[in-house]
Amino acid sequence: MGLVGVQENGKGEMALSLGNKSKYKRMDSVLSDEFDDDASNHYNELERKKSIRKYVLACAIFASLNNVLLGYDVGVMSGAIIFIQEDLKISEVQEEVLVGILSIISLLGSLAGGRTSDIIGRKWTIAFAAVIFQIGAAIMTFAPSFQILMIGRVLAGVGIGFGVMIAPVYIAEISPTVDRGSLTSFPEIFINLGILLGYVSNYAFSGLSVHINWRVMLAVGILPSVFIGFALFIIPESPRWLVMQNRVEDARSVLLKTNENENDVDERLSEIVAAAGMSNGEKNEEKAVWRELLSPSPPLRRMLITGFGIQCFQQITGIDATVYYSPEIFKEAGIENNSKLLAATVAVGVTKTAFILIATFLVDRVGRKPLLYVSTIGMTVCLLTLSLTLGFLGHGQLGVALAVLCVCGNVAFFSVGMGPICWILTSEIFPLRLRAQASALGAVGNRVCSGLVAMSFLSLSRTITVGGTFFLFALLSALSVLFAYKCVPETKGKSLEQIELLFENHNEWQGSEVEMGDSEHLVQKA
């Protein structure tokens, strides 16, 4: 019986042991399930972040397509003008007007773009710009005379003005804070890509007959704008614009698609609503936008000095003269063969495009101001060296090599800093209610300076020589170094709403690097 009892006890113990074992298994199973759930959630979160990054990247790319048109026009006209002059028998003055008029006329598009984007939205302004450019490019392609060519050029300029102004604003308004700098530099990347394509087009079609080759070169520029039609099915409207239209829930939906951290969406939405003057659910109807721009408060005046100033400095340092007239510069250095001239301009385009990619990688890591210093100082050195080379070395091999090196160096330093950061700053420093139209004002300054440089370069170089003209550009570039030091604050890592606070304090605006003053209000958001 004892044996039986033992057996019974054994069975009981066994049953207890089995029961305990079964219990342990259930606990292990629960822990395993929890671990699997955590791993699954972590995986889903990573996948969501990747998906959002791809989506925002696609939005930035499609919004920047209009900038390919500007770049292509700048690049292709540098070579096409040689054949237009030969085919249509235009004078040197007509050549300057044809080249420079695009920049002057594009200011009309930029000026109208701010108000238009406030009315119909950022997204549809991008589409409107593409349609106008297509019409202009088509007219230029089939132009039988200089007069008709000018009509097409004017329309293309208006379209480009709209596109150049709206792309950085749109991208800045949809981008997460941590990636805003690199994404907002996309328009400048696409300008450089367009310039390179223009140079390649010159080289590829230069072998056709004089009556046909320049028309084909200009016609190819229509293709990028076709893809913008597809973009309308992908890109959302700007959440900031939606808030301005009192469509807060729609804005929240867009922010959920473009922000990796869902917990930040409501906080970001609250900041946007407050910045738009709609925290009470109504638009803040104070002064009309243009009245406020013409009679600015001290903080707004500082914003306008920074935004308008850097737009003007980007152009008065002569970048468009370097790009538009690179064949003329190389001819002055001693290159005479047309194919070699166009091949040298392709090298300029490749350099310009390669270095803008470097800027995209660095702008959110290094910051805006350090890149601006490197850019403006490097440009000054290259422009001064080019001036001395053209003025004193003559047409020898050394002179040609130095001229090509200096032109490539100038566009490289431009692309690393001044080129993209100009557009990044003007799209992020202004308050939401003024952003579109204030950015448009900056773009007008950019286009006016570009047009003046492009339309006066040949005449100026005949008066004070090409070397003397580049010496003047070098002096202006040196001034841009001082401007960057005195008037450009560091905006890396701050939301658009936080950046406004930088301009409230005069000391933080003037030459500030990292000191933000009020740490409670200026918490960096990753």
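The values are calculated or read from the model by the stated rules, or taken from the named source; none is laboratory data. Note that the structure is predicted; figures quoted are calculated from it, not measured. For neighbour counting, all protein chains shown are included, and Cβ atoms are generated from backbone atoms with ideal geometry for every residue, glycine included. The accessibility values were calculated without ligands, DNA or RNA, using every heavy atom of the protein model including side chains. Shrake-Rupley method; radii C 1.70, N 1.55, O 1.52, S 1.80 Å.
If Glu267 satisfies all but one of (1) surrounded by 16 or more Cβ atoms within 10 Å (Cβ to Cβ); (2) at pLDDT below 85, what's the number of the condition it fails?
Among (1) surrounded by 16 or more Cβ atoms within 10 Å (Cβ to Cβ); (2) at pLDDT below 85, the lone unmet condition for Glu267 is (1).
Mind listing whichever residues of region 135-151 are small (Gly, Ala, Ser) and either in contact with a strand residue (DSSP E or B) (Cβ under 7 Å, 6 or more places away or on another chain) or farther than 14 Å from Leu98 by Cβ (or both)?
Across region 135-151, the qualifying residues are Ala137, Ala138.
State yes or no: is Leu208 open to solvent by 10 Å² or more (accessible area, probe 1.4 Å), in a helix (DSSP H, G or I) and not assigned by the TED database to the domain that holds Glu490?
Criteria not met by Leu208.
Select from region 137-156 the residues that are among the small types (Gly, Ala, Ser) and open to solvent by 10 Å² or more (accessible area, probe 1.4 Å) and write down the one among them that is nearest to Gly221 (Cα to Cα). Walk me through it before giving the result.
Filtering region 137-156 for residues among the small types (Gly, Ala, Ser) gives 137-138, 143, 145, 152, 156.
Now restrict to residues that are open to solvent by 10 Å² or more (accessible area, probe 1.4 Å): 138, 145.
On the way: Ala138: 9, Ser145: 20 Å.
That would be Ala138.
Anything in region 214-225 that is modelled with pLDDT of 85 or more and either among the basic types (Lys, Arg) or surrounded by fewer than 23 Cβ atoms within 10 Å (Cβ to Cβ) (or both)? List them, or say none.
Within region 214-225, the first condition is being modelled with pLDDT of 85 or more, and the residues that meet it are 214-220.
If the condition is that a residue be modelled with pLDDT of 85 or more and either among the basic types (Lys, Arg) or surrounded by fewer than 23 Cβ atoms within 10 Å (Cβ to Cβ) (or both), then Arg215, Val216, Ala219, Val220 are the ones that fit.
Hey, any hits in region 51-61 for a residue that's part of a helix (DSSP H, G or I), touching a helix residue (DSSP H, G or I) at 6+ places or on another chain (Cβ under 6 Å) and closer than 21 Å to Ile195 by Cα?
yes
Got a sec? Which of Leu46, Leu70, Leu57 is within 17 Å of the chain's Cα centre (by Cα) and more than 21 Å from Gly157 (Cα to Cα)?
Leu57
Which of the residues belonging to region 413-431 are open to solvent by less than 10 Å² (accessible area, probe 1.4 Å) and in a helix (DSSP H, G or I)?
Answer for region 413-431, where residues must be open to solvent by less than 10 Å² (accessible area, probe 1.4 Å) and in a helix (DSSP H, G or I): Phe414, Ser415, Met418, Gly419, Pro420, Ile421, Cys422, Ile424, Leu425, Thr426, Ser427, Glu428.
Residues checked against (1) open to solvent by less than 40 Å² (accessible area, probe 1.4 Å); (2) closer than 27 Å to Leu496 by Cβ:
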{"site": "Ser110", "(1), (2)": "yes, yes"}
{"site": "Arg122", "(1), (2)": "yes, yes"}
{"site": "Ile135", "(1), (2)": "no, no"}
{"site": "Asp179", "(1), (2)": "no, yes"}
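Among what's in region 80-103 and is open to solvent by less than 50 Å² (accessible area, probe 1.4 Å) and among the small types (Gly, Ala, Ser), pick the residue that is nearest to Ala343 (Cα to Cα).
Top of the filtered list is Ala80.
Residue pairs, Cβ under 6 Å, 6 or more apart or interchain, first in region 471-493 and more than 19 Å from Gly378 (Cβ to Cβ), second among the aliphatic types (A, V, I, L, M) and at pLDDT below 90. List them.
Once the first residue is more than 19 Å from Gly378 (Cβ to Cβ) and sits in region 471-493, its partners that are among the aliphatic types (A, V, I, L, M) and at pLDDT below 90 give Pro489/Leu502; Thr491/Ile499.
For residues that are out of contact with any Gly (no Cβ under 7 Å at 6 or more places or on another chain) and open to solvent by 10 Å² or more (accessible area, probe 1.4 Å), tally how many sit in region 469-495.
9
Which of the residues spanning region 432-459 are open to solvent by 10 Å² or more (accessible area, probe 1.4 Å) and either in contact with a Cys (Cβ under 6 Å, 6 or more places away or on another chain) or β-branched (Val, Ile, Thr) (or both)?
Val444, Val448, Cys449, Val453
Kindly establish whether Ile377 is of a type outside the set (Lys, Arg), modelled with pLDDT of 90 or more, outside the structural domain of Asp179 (by the TED database) and open to solvent by 10 Å² or more (accessible area, probe 1.4 Å).
yes
Restricting attention to region 233-248, which residues are open to solvent by less than 40 Å² (accessible area, probe 1.4 Å) and not β-branched (Val, Ile, Thr)?
Pro236, Glu237, Ser238, Pro239, Arg240, Trp241, Leu242, Met244
Check Asn246, Asn213, Asn192, Asn202 and return the single one that is on the phi > 0 side of the Ramachandran plot and either touching a residue at least 12 places away in the same chain (Cβ under 8 Å) or within 21 Å of the chain's Cα centre (by Cα) (or both).
Asn246
Taking region 73-96, which residues are among the hydroxyl-bearing types (Ser, Thr, Tyr) and within 27 Å of the chain's Cα centre (by Cα)?
Within region 73-96, just Ser78 meets the criteria.
Given the options Leu386, Leu357, Leu362, name the one that is more than 25 Å from the chain's Cα centre (by Cα) and aliphatic (A, V, I, L, M).
Answer to the check: Leu386.
Filtering region 380-391 down to residues that are of a type in the set (Val, Ile, Thr) and open to solvent by 20 Å² or more (accessible area, probe 1.4 Å), which residue is nearest to Arg291 (Cα to Cα)?
Only one residue fits best here, namely Thr380.
Does region 452-460 contain any residue that is farther than 30 Å from Thr125 by Cα, assigned to a loop (DSSP other than H, G, I, E, B) and not assigned by the TED database to the domain that holds Gly159?
no
Of all residues in region 392-410, count the ones that are surrounded by fewer than 18 Cβ atoms within 10 Å (Cβ to Cβ) and at pLDDT 85 or above.
Residues in region 392-410 being surrounded by fewer than 18 Cβ atoms within 10 Å (Cβ to Cβ) and at pLDDT 85 or above: 2 in total.
Output the number of the condition that Ser185 fails; it satisfies all remaining conditions of (1) in contact (Cβ under 8 Å) with a residue 40 or more places away in the chain; (2) surrounded by fewer than 24 Cβ atoms within 10 Å (Cβ to Cβ).
Of the numbered conditions (1) in contact (Cβ under 8 Å) with a residue 40 or more places away in the chain; (2) surrounded by fewer than 24 Cβ atoms within 10 Å (Cβ to Cβ), the odd one out for Ser185 is (2).
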